[in-house]
1. Counting other Cβ atoms within 10 Å of each Cβ, which trypsin sites (Lys or Arg not before Pro) in the stretch B:249-315 have at most 10 and sit in a DSSP loop?
2. What's the average, rounded to a whole number, of partner chain beta-carbon atoms within 10 Å of each residue's beta-carbon in A:261-271?
3. Need the list of aspartates and glutamates near B:Lys263 for cross-linking: C-alpha distance under 12 angstrom, and skip anything on the same chain fewer than eight residues off.
4. From the cross-link list A:Lys170/B:Lys434; B:Lys96/B:Lys264; B:Lys90/B:Lys256, which pairs have alpha carbons spaced over 32 Å apart?
5. Whole number please: convex hull volume per residue of the Cα set in the stretch B:343-462, in Å³?
6. For chain A, count the residues as N, evaluate 2.2 N^0.38 Å, and divide the Cα radius of gyration by that value, please.
7. Here are some pairs, B:Lys122/B:Lys337; A:Lys253/B:Lys457; A:Lys43/B:Lys376; which of them have Cα atoms lying more than 18 Å apart in this structure?
8. Where does chain B land on the Kirkwood hydrodynamic radius, alpha-carbon pairs, in angstrom?
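No value in this document is a laboratory result; all are computed from the given coordinates. Fair warning: this is a prediction, and the values are worked out from it, not measured in the lab. All Cβ positions, even for glycine, are placed from backbone atoms using ideal geometry, and neighbour counts span all protein chains on display.
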Amino acid sequence: MALSAVKVARRLPDLSRVPAVDEVGVNERVARFQTRSIKSSSKVEALKLILSMIDLTTLEGQDTAGKVTQLCQKAIHLHDALPGLPHVAAVCVYPTMVGVAKKALAGHDINIASVATAFPSGMSTLSVKLDDTRMAVAAGATEIDMVISRGAFLSGDYRYVFDEIIAVKKACGDAHLKVILETGELGTLDRVRKASVLAMYAGADFIKTSTGKIQPAATMQVTLVMLQAIRDFYLETGKMVGMKPAGGISTSKLAIHYLVMLKETLGNAWMTPEWFRFGASSLANDVLMQLMKQSTGVYQSPDYFSKD
Amino acid sequence: MPTPENKLAFDGGWEYAPAPESTDHININSRYGLFINGDFVKPSSGRYFDTVNPATEEKLSRIAEANQTDVDKAVAAARNAYKTTWGRMKPGERAKYIYRIARIMQERAREFSVIETLDGGKPIRESRDIDVPLAAAHFFYYAGWADKLDYAFPGRKARSLGVAGQVIPWNFPLLMAAWKIAPALACGNTVVLKPAETTPLTALKLAEVIADAGLPPGVVNIVTGAGPTGAAIVNHPGVDKVAFTGSTNVGRMIQKSLAGSKKKYTLELGGKAANIIFADAAIDQAVEGIVNGIFFNQGHVCCAGSRLLVQESVAEEVIARLKDRMETLIVGNPMDKNTDVGAINSSMQLERIQAYLKVGKTEGEMHQSSGRVPRKGYWCRPTIFTGVSQSSRVVQEEIFGPVLAIQTFRRFDEAISKANNTPYGLSGGIWTDKGSKIFKMTQSIRAGVVWANTFNKFDPTSPFGGYKESGVGREGGLHGLDAYVKLGA
């Protein structure tokens with residue numbers, strides 16, 4: 001019995017072998033992505049792709065069933081005045097709101113993502129986190145966004161963080177697991193890269209930058225480092241892992257820079273909602289405004305776009 | 001270890017639509033005379049040569065060819081300006097003119113970058129973000145020194161030399177003109193400058209700026225032509241100082257012709273820099289550094305990191321990452337804002353590069369980025385050679401193209417020995433996460449510039465120059481002043 005337990009256990013990766021990250025070089029590379037000029041047809045294509053990659057999010061203490069229902073309506077009807085638009089990839093809510101979202105999205109091919117594991121701080125016991133996860137999945141969540149225990153990670157207890165992710169992954173069942181590193185609390189890009197490796201070896205389907213509750217949230221720098229970790233994991237294991245930058249991406253221009261970075265780091269295979277998401281609440285309307293501008297030639301007032 | 005079947009795919013999918021910089025705001029005359037004594041004048045030979053856009057092979061303009069008579073006139077004009085105006089001017093007044101050049105250049109930056117790219121084939125992103133801003137920065141920087149020479153050389157009196165004869169290459173046409181002209185003027189000298197015959201346009205535009213800035217006639221003279229014109233300047237008895245940037249072969253000829261003369265000289269010549277990557281380096285950023293080291297400006301860079309020395313334990317990984325990165329480099333129309341690698345500067349240079357590719361294929365394994373290049377124009381895909389050694393010609397000789405020779409090393413001293421085993425010594429690069437290793441390496445590499453965890457970084461305040469066959473003297477920074485003054489008590 002002991003032997004088979006060893007056999008199924010995932011092995012903690014050797015984090016000392018994770019390559020170093022040079023922040024100056026990362027900044028330079030990011031600046032290069034930002035000089036890419038995306039125009040005309042490739043811009044329209046990018047904007048539509050961005051819409052399809054959005055996890056439309058509401059994570060407020062003041063969330064109500066009414067608010068979540070409205071958000072789900074928006075997810076289905078992004079802007080009916082403009083035909084041919086995709087719908088967003090998912091709505092992202094707290095576990096208690098998953099049931100509401102499920103009802104509102106019935107019959108639509110939109111995922112229901114739920115944050116779990118004592119989001120956003122993760123300061124709770126494993127059993128509470130697992131219950132949180134199971135509850136969300138039972139209510140109908142198809143994707144779980146968990147947070148890692150940053151305190152344990154920063155104190156060097158990688159084993160704890162690793163085992164915790166494995167346990168949550170197991171509790172997810174068929175639901176996809178996104179692991180939030182909360183890069184704003186990790187402090188260095190070296191730690192971002194290590195945490196990414198840890199999460200992927202523990203079984204993450206996605207790695208995600210931030211809860212959105214801590215500043216800085218997603219930056220292109222941390223996203224690049226995570227994408228490079230995903231690339232190395234894929235080259236080594238053959239397993240694709242998705243990426244979700246979340247928080248702070250509210251303009252089309254910035255989102256297009258992310259797409260450029262994605263394309264030039266991981267290539268075409270990742271350029272779909274299956275492998276890349278934007279965690280955002282206000283990005284969708286900016287993208288819609290840009291798309292309307294591309295089709296009509298003029299910017300419309302923000303009041304023409306529904307705010308939910 | 002990466003498994004070979006897992007591959008990233010970069011072709012197809014979402015593509016960037018063409019984003020060409022517009023050219024409707026620029027004005028290139030159908031022919032250009034010589035800029036002598038403040039005016040554009042006809043060449044005494046009456047002869048003109050074409051300058052072409054290397055990306056399209058289309059003629060851009062006809063350029064005057066200066067002969068000995070024209071060079072005599074230019075030197076005489078420079079001498080006269082030195083004696084009557086510039087050499088006697090208060091340093092603070094000189095500075096005002098140089099600041100004015102810098103400011104006008106900034107105001108006309110877009111025009112300069114477009115013309116630089118049309119004439120030379122470098123990507124507009126580079127001329128816009130690097131060449132032109134850096135050229136203006138050199139004028140700003142040396143303008144500041146003009147009235148502070150007493151502080152540059154404490155306890156000694158710095159006096160100007162007289163007439164500086166300057167010959168510059170085609171890889172950074174405007175920037176090299178700025179490197180040469182700015183310190184010469186700041187120190188009180190006057191100038192006769194010859195731009196390269198394939199890229200004369202931005203130097204001629206600079207002549208317009210100099211005229212607009214109101215510099216007294218003859219302070220800066222720009223004469224165009226090929227090798228013989230350059231030789232006429234270098235050998236002219238009325239020239240007090242020679243500054244040359246170009247090939248080591250021509251540098252050698254110049255040094256011979258100057259032997260025994262009282263002319264002061266600086267030579268910036270070839271290079272074959274080693275970019276050294278240790279196993280503990282930040283690998284992704286190092287790969288980026290390799291790319292910037294050798295594919296920047298199509299590898300037409302004297303300090304290019306044209307040799308890669310990578311520690312054996314990470315060699316496979318680094319080369320695999322580099323190959324992937326090469327697939328994302330966009331080669332093509334230099335006027336497109338998304339282009340990473342532009343056109344080779346001339347058909348002659350392309351032939352030279354292709355000859356080396358032929359040699360290299362017999363010496364090691366060649367890999368080039370895939371993807372199409374335009375049919376017209378001069379193009380070379382980013383290229384790497386693996387399995388080559390110190391005895392290979394592609395390792396020893398300067399190719400001056402987007403061609404990288406990759407070797408491995410095991411130990412620290414092996415890296416040093418390989419890096420220094422070259423007749424050149426212009427630059428070098430070190431990639432490691434360990435500070436102590438950086439210091440040890442920089443002290444051991446015999447090169448004028450050694451970059452740590454970066455490559456091809458330039459700043460007017462930083463001196464630049466070579467060891468061994470890479471040249472004599474320093475340009476840039478405080479050291480760059482020394483080349484344009486004589487020091488007395």
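1. Working: sites: B:Arg252, B:Lys256, B:Lys262, B:Lys263, B:Lys264, B:Lys272, B:Arg307; in loops: B:Lys262, B:Lys263, B:Lys272.
Passing sites in the stretch B:249-315 are B:Lys262.
2. Numbers: counts 0, 1, 6, 7, 6, 4, 10, 7, 5, 3, 2.
Whole-number average of other-chain Cβ neighbours for A:261-271 is 5.
3. Leaving aside aspartates and glutamates fewer than 8 places away in the same chain, those within reach of B:Lys263 are B:Asp240.
4. Numbers: A:Lys170/B:Lys434 40 Å; B:Lys96/B:Lys264 27 Å; B:Lys90/B:Lys256 36 Å.
Check vs 32 Å cut-off fails for A:Lys170/B:Lys434; B:Lys90/B:Lys256.
5. Numbers: hull volume 17.6 nm³, N = 120.
It comes to 146 Å³ per residue, whole-number rounded.
6. Working: Rg = 19.1 Å, N = 308, 2.2 N^0.38 = 19.4 Å.
Scaled against compact globular proteins, the figure is 0.98.
7. A:Lys253/B:Lys457; A:Lys43/B:Lys376
8. Numbers: mean 1/r = 0.0433 Å⁻¹.
Averaging 1/r across every pair of different Cα atoms and inverting gives 23.1 Å.
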